[in-house]
Amino acid sequence: MAHKHANATDEYIVCYAPTMITTNGIWQGDNPLDYSLPLFILQLSLVVAATRIFVFILKPFRQPRVISEVLGGVLLGPSVLGKSTAFANAVFPLRSVMVIETMANVGLLYFLFLVGVEMDISVLRSVGKKAVAAAISGMILPFMIGAAFSYLLHREYDNQMSQGTYILFLGVALSVTAFPVLARILAELKLINTELGRIALSAALINDVCAWILLAFAITLADSETTSLASLWVLLSSAVFVAFCVYAVRPAASWIVRKTPEGESFSEFYISLILAGVMISGFITDAIGTHSVFGAFVFGLAIPNGPLGVTLVEKLEDFVSGLLLPLFFAISGLKTNIGLVRGTYTWSILILVIFLACIGKIAGTLIVAFFYQMPIREGATLGLLMNTKGLVEMIVLNVGKDQKVFDDESFAIMVIITVLMTAIIVPSISVIYKPSRRSTYYKRRTVQMSKPDGEFRVLVCIHSPRNVPTMINFLEASNPTKKSPICVYVLHLVELSGRTSAMLIVHNSRKPDYPALNRTEAQSDHIINAFENYEQHASFVSVQPLTAISPYSTMHDDICNLAEDKRVSLIIVPFHKQQTVDGGMEATNMAFRGINQNVLANAPCSVGILVDRNLSGSNRLASNQVSHHVAILFFGGPDDREALCYGWRMLEHPGISLTVMRFVPGKLVASDHAKKHSSIDLDEPRVLTVETDKDMQKQLDEKLIHEFRMRNENDDSVDYVEKVVNNGEETVAAIRTMDDIHDLFIVGRGQGMISPLTAGITDWSECPEIGAIGDLLASSDFAATASVLVVQQYVGVGSNGEGMDTPESKVQTNEEFISELSQHSAPPPRGGGHNVFNTERL
């Protein structure tokens with residue numbers, strides 16, 4: 001195997017034995033780096049390590065992964081580490097290039113096959129005019145700019161290359177938009193569900209398809225330096241290949257899908273056939289004279305979207321994009337020698353080209369924006385999004401370099417352009433485009449404040465189909481009536497991980513009749529179907545399903561923003577532990593706990609955490625059959641009042657019986673309290689506020705309880721019990737005496753209410769976010785296995801998420817308080833009582 005290396009002055013030939021694949025071991029005196037396999041393994045490990053390091057570094061800057069991959073390659077290449085000839089000759093010697101290149105191209109082949117599988121061409125049929133216009137104008141302008149500048153960049157260095165081919169390559173490289181990268185960026189920026197995000201994705205899809213066609217042209221032209229007849233043949237045979245994929249491969253794949261029963265896994269035989277097919281189609285297109293990648297991509301497009309596509313993606317994704325694909329970028333980096341880009345002239349042209357190509361895309365989209373009367377900021381953002389560069393661009397550049405269209409210098413220039421153009425997107429969009437976050441002002445942010453005869457809006461968060469039955473039974477028990485219907489927003493929370501397939505991210509705008517793409521999407525479908533089914537069978541309930549795809553760390557933003565936009569009164573999130581078969585509680589995913597804590601701290605309305613212990617509902621969803629025994633433990637404070645109001649709302653339901661157990665401090669506690677009072681230094685205003693605040697809370701509690709008892713004294717389904725307790729132990733004992741018939745406890749979270757009755761319980765509570773009592777009820781060793789709803793009332797801005805801890809947040813003089821009470825004292829309509837007293841000033 002000889003590797004020719006031509007130099008201007010002398011020509012030398014490097015020969016090495018083809019048998020040198022594996023070593024005899026270092027003890028035999030062999031240097032492992034002289035053999036191709038150990039060397040390749042080392043190179044691969046280095047590449048993956050470099051990529052991962054950059055992924056880690058760029059994580060806070062929210063940069064797409066493509067950038068870290070290219071940078072990893074550049075780091076290993078002649079620009080940084082490769083400057084030391086010792087490193088270059090030991091780790092990336094010339095003779096090893098062939099092995100890496102081959103493997104990189106195999107990785108590329110499979111990756112583009114996956115991109116093809118993930119892309120859904122049928123979406124193109126339903127794309128709006130805006131997207132088409134944006135895509136076309138976003139291609140034409142940069143293309144023209146590329147053409148204009150090719151004369152400056154393409155100087156008299158090697159005249160065997162026709163100017164036309166160069167223009168084509170440069171134009172394609174500048175005008176491409178990377179669809180997979182764009183989907184990730186949109187999900188990162190939380191723009192995926194916006195109109196803007198949909199247009200950007202559709203435009204990127206069109207753009208990608210056009211880019212492939214142009215790339216096929218460019219390669220054909222670059223190859224045929226001799227005759228134009230050959231290039232005609234190439235185009236014709238490529239068209240034949242595409243037709244073959246459409247009319248032979250696609251029906252075959254559909255047949256495989258039909259033959260495999262739904263929910264079964266595909267037989268290994270079919271999967272391996274398809275994987276071999278990728279190779280074969282790569283070979284065919286390479287033989288025709290286009291690039292092998294083109295074949296794999298078209299073959300991927302021919303695989304129908306649905307279970308088969310998912311299986312393939314799940315089988316290949318990690319191996320291909322984690323291991324083999326970085327090799328391709330590393331190769332590009334190894335060919336990039338930034339040191340070659342010398343002289344102010346070159347750098348200034350470089351910056352100019354970047355600037356103009358960006359501006360070209362933005363200008364193109366802005367024209368469309370004007371034409372369709374979109375706001376200017378949205379147009380500019382769309383333009384920036386269309387500048388996303390990724391894989392196709394790198395392929396164009398590599399092919400161009402192999403075909404001698406680009407010399408080393410212009411190749412380095414183009415790589416820098418690619419990285420910079422993609423890197424500036426996220427930061428600049430976060431500057432330009434702030435989606436209109438008007439802080440909506442609405443009063444009914446708590447259950448207590450919501451009108452007894454108005455719509456009651458709830459936001460229900462769901463992690464997995466397991467949360468669904470309890471949520472539905474709970475909503476049914478919440479008593480939707482003609483007077484006060486319930487509007488439910490069901491939010492399915494999906495984590496955005498590195499391998500969320502681009503199509504899943506797009507599926508939010510998906511038509512319902514497509515088959516589900518993968519597990520997450522199938523789950524989404526199940527959840528939505530369950531709730532829609534419930535909506536059809538239940539009366540006075542409207543359900544709106546939504547999906548939030550974001551990293552767990554920022555998911556609470558999605559939840560809180562949605563709650564504010566939709567003006568809901570209550571957010572219900574599932575507890576992070578679920579009941580196991582033997583009745584214990586186990587944590588499903590600790591990230592859910594973080595989400596719950598963040599939601600409690602940032603929610604714009606009241607929050608309920610539902611501890612799910614199979615709130616058994618009637619299997620028939622007919623509302624008249626629901627029967628639940630609900631217990632409310634009332635200690636006092638805003639959270640407990642909210643809990644009482646929720647129970648009150650449920651009480652209107654014929655099938656619900658309610659037990660309210662109020663805990664009253666005994667004599668011991670009261671005498672302690674009096675002692676404390678006498679020793680208070682009255683000059684200390686802060687203590688005074690805390691005291692008046694306590695008294696005020698007491699008055700509110702008394703008022704609400706009184707109101708509740710007055711209204712419901714003749715109601716058989718209500719039990720009101722007062723328990724006198726002196727300390728935490730007695731409280732626990734009292735709770736343990738309650739009957740086992742209750743299947744739902746509603747308790748306040750009790751934040752900031754320092755009550756002697758719960759003293760001692762708080763010390764060993766495992767999950768402080770559901771409060772001392774909630775934690776007690778939810779613990780595995782609590783005998784009664786009932787579901788628990790822990791409520792936190794929204795107490796207005798400035799309460800730093802801690803409810804009552806800061807007396808300053810609730811400074812309200814007694815006079816105001818009394819006057820407010822007197823305004824409310826007109827009796828509300830029967831069954832109301834939800835908006836009885838509320839001194840919670842918003």
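Descriptive notes on the structure:
- Looking only at the stretch 558-586, and only at residues there that are in contact with a Lys or Arg (Cβ under 7 Å, 6 or more places away or on another chain) and open to solvent by 50 Å² or more (accessible area, probe 1.4 Å), the one that is farthest from VAL795 (Cα to Cα): GLU586
- From the options SER68, SER79, residue that is out of contact with any strand residue (DSSP E or B) (no Cβ under 7 Å at 6 or more places or on another chain) and not in a helix (DSSP H, G or I): SER79
- Checking GLN373 against (1) of a type outside the set (Lys, Arg); (2) in contact (Cβ under 8 Å) with a residue 12 or more places away in the chain; (3) in a loop (DSSP other than H, G, I, E, B), the condition it does not meet: (2)
- Any hit, the stretch 542-552, residues being at pLDDT 70 or above, closer than 30 Å to PHE111 by Cα, of a type in the set (Val, Ile, Thr) and not assigned by the TED database to the domain that holds VAL55: yes
- Any chance ASP743 is crowded, with 20+ Cβ neighbours inside 10 Å and among the acidic types (Asp, Glu): yes
- The stretch 700-718 - residue that is under 46 Å from the mean Cα position of the chain (by Cα) and outside any helix (DSSP H, G or I) and, of those, surrounded by the fewest Cβ atoms within 10 Å (Cβ to Cβ): SER717
- Odd one out for ALA173 among (1) part of a loop (DSSP other than H, G, I, E, B); (2) crowded, with 20+ Cβ neighbours inside 10 Å: (1)
- Residue-level check: of (1) open to solvent by less than 70 Å² (accessible area, probe 1.4 Å); (2) part of a helix (DSSP H, G or I); (3) farther than 27 Å from ASN387 by Cβ, ASP30 misses just (2).
- Conditions (1) at positive phi; (2) buried (at least 19 other Cβ atoms within 10 Å of the Cβ); number of the one not met by GLN373: (2)
- Where a residue in the stretch 335-363 is within 29 Å of LEU94 (Cα to Cα) and open to solvent by less than 10 Å² (accessible area, probe 1.4 Å) and its partner, wherever it lies, is modelled with pLDDT of 80 or more and part of a loop (DSSP other than H, G, I, E, B), with Cβ under 6 Å and at least six apart: THR336/GLY77
- Odd one out for SER478, checked against (1) at pLDDT 80 or above; (2) hydroxyl-bearing (Ser, Thr, Tyr); (3) out of contact with any helix residue (DSSP H, G or I) (no Cβ under 8 Å at 6 or more places or on another chain): (3)
Here is a yes/no grid of residues against (1) closer than 28 Å to VAL341 by Cα; (2) at pLDDT 85 or above:
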{"position": "ALA49", "(1), (2)": "yes, yes"}
{"position": "ARG65", "(1), (2)": "yes, no"}
{"position": "VAL70", "(1), (2)": "yes, yes"}
{"position": "VAL97", "(1), (2)": "yes, no"}
{"position": "LEU108", "(1), (2)": "yes, yes"}
{"position": "LEU112", "(1), (2)": "no, yes"}
{"position": "VAL123", "(1), (2)": "no, no"}
{"position": "GLY128", "(1), (2)": "no, no"}
{"position": "VAL132", "(1), (2)": "no, yes"}
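- The set of residues in the stretch 230-271 that are over 33 Å from the mean Cα position of the chain (by Cα) and open to solvent by 90 Å² or more (accessible area, probe 1.4 Å) comprises LEU232, TRP233, LEU236, VAL240, PHE244, TYR247, TRP255, LYS259, PHE269.
- If you filter the stretch 64-81 down to residues that are touching a Leu at 6+ places or on another chain (Cβ under 8 Å) and over 12 Å from ALA50 (Cβ atoms), you find that the one that is least open to solvent (accessible area, probe 1.4 Å) is ILE67.
- The stretch 188-200 - residue that is over 17 Å from SER428 (Cβ atoms) and crowded, with 24+ Cβ neighbours inside 10 Å and, of those, modelled with the lowest pLDDT: ILE192
- Within the stretch 288-320, considering residues that are open to solvent by 10 Å² or more (accessible area, probe 1.4 Å) and among the aliphatic types (A, V, I, L, M), the one modelled with the lowest pLDDT: VAL310
- Answer from SER84, SER68, SER79 - the residue that is free of Cβ contacts under 8 Å to residues at least 24 places away in the same chain and in contact with a helix residue (DSSP H, G or I) (Cβ under 8 Å, 6 or more places away or on another chain): SER68
The values are calculated or read from the model by the stated rules, or taken from the named source; none is laboratory data. Just so you know, these numbers come straight off a predicted model, no measurement behind them. FYI the Cβ positions are ideal-geometry reconstructions off the backbone, even for glycines, and counts take in every protein chain you see. All accessible areas refer to the heavy atoms of the entire protein, side chains included, with ligands and DNA or RNA removed. Shrake-Rupley method; radii C 1.70, N 1.55, O 1.52, S 1.80 Å.
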